[in-house]
Amino acid sequence: MFRARRYSAFTLVEVIVVIAIIGLMLSILSPALNRAKAMARAVSCSSLMRNLTMAHYMYFTEEGDVMPISVNAPAMQPWHTFDYFREQVGLSILAPEYKQRRTVIQEYKPSYPRRFICPSADYALRNSEDQLYALDRSYGLNAHVYYASVGVRVKLMKQTTGRICMADAMDWWFNYWQCDKYSLYGENWLGFSTYGMAAFRHSNKANITYWDGHCERMTQEQLKEKLLFWF
């Protein structure tokens, strides 16, 4: 006489319960994981910006001047294409076509590897060419340094810890009167409308660096207050 084999299996109710528990765990863990990823991107960004800032500071200490920026002079070469800056960050000098404006929306050809771009700079990362990215859609320089460069040189010689150098931005320079534009346009670059726009892409805050290289994270109100306080 053969005994009937007994097969053990999950019932439909048990499967549903397990799926429900997994779904509940994911719903609890997902926000924490997203926050951890966002924090990792912000930390990576601040490290990148610190290195870029030190390249500017090296130029200042060697030349006694701030690096050129094309805010008021269209023919002036902007900092992100400047030979000295490229050499300081370990990249080759750009050919002339990378230093000339192209169109209204994309003014300069992307010329930096991905590792130089803020990992939260979605516009720059979406608009690559030949695996190169636009650094000026990732980071910008404090425009007030260049509007008042003569006075700033004196101040930088005396103090570097309280002067902002760079910030997350959608243009190669940023200005206090554009600090509230990011909420309107976000990670989009629209030419004149977003000139000088700081980018608050890290949980509504922007990474900023001072001339001595240390980094902070600020809301638009904090950054605007700092810029108005200086000049």
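The values are calculated or read from the model by the stated rules, or taken from the named source; none is laboratory data. Remember, predicted model here, so these are calculated numbers, not experimental data. No Cβ is skipped: glycine too gets one built from the backbone with ideal geometry, and neighbour counts run over all protein chains shown.
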*When only residues in the range 71-81 that are assigned to a loop (DSSP other than H, G, I, E, B) and touching a strand residue (DSSP E or B) at 6+ places or on another chain (Cβ under 9 Å) count, which is modelled with the lowest pLDDT?*
71
*Could you figure out which of (1) basic (Lys, Arg); (2) surrounded by fewer than 21 Cβ atoms within 10 Å (Cβ to Cβ); (3) modelled with pLDDT of 75 or more isn't true of residue 137?*
(2)
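Conditions tested, residue by residue: (1) aromatic (Phe, Trp, Tyr); (2) at pLDDT 95 or above.
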site	(1), (2)
95	no, no
99	no, no
105	no, no
112	yes, yes
116	yes, yes
152	no, no
161	no, no
173	yes, no
179	no, no
*May I ask you to say which residue of 184, 227 is in contact with a helix residue (DSSP H, G or I) (Cβ under 9 Å, 6 or more places away or on another chain), at pLDDT 90 or above and either farther than 21 Å from residue 47 by Cα or surrounded by fewer than 15 Cβ atoms within 10 Å (Cβ to Cβ) (or both)?*
184
*Candidate set: the range 48-70, residues that are part of a helix (DSSP H, G or I) and free of Cβ contacts under 8 Å to residues at least 24 places away in the same chain; chosen: the one nearest to residue 160 (Cα to Cα)*: 61
_Going by what's in this entry, would residue 143 be described as farther than 20 Å from residue 55 by Cα, hydrophobic (A, V, I, L, M, F, W, C) and at pLDDT below 95?_
no
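Yes or no, residue by residue, for (1) under 15 Å from residue 42 (Cβ atoms); (2) buried (at least 20 other Cβ atoms within 10 Å of the Cβ); (3) in contact (Cβ under 8 Å) with a residue 24 or more places away in the chain; (4) in contact with a strand residue (DSSP E or B) (Cβ under 8 Å, 6 or more places away or on another chain):
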| residue | (1), (2), (3), (4) |
| --- | --- |
| 191 | no, no, yes, no |
| 194 | no, yes, yes, no |
| 197 | no, yes, yes, yes |
| 201 | yes, yes, yes, yes |
| 207 | yes, yes, yes, yes |
| 213 | no, no, yes, no |
| 216 | yes, no, no, yes |
| 219 | yes, no, no, yes |
_For the range 197-212, which positions are at pLDDT 90 or above and part of a loop (DSSP other than H, G, I, E, B)?_
197, 199, 200, 201, 203, 204
*Of all residues making up the range 94-105, the number that are under 28 Å from residue 204 (Cα atoms) and free of Cβ contacts under 8 Å to residues at least 60 places away in the same chain*: 0
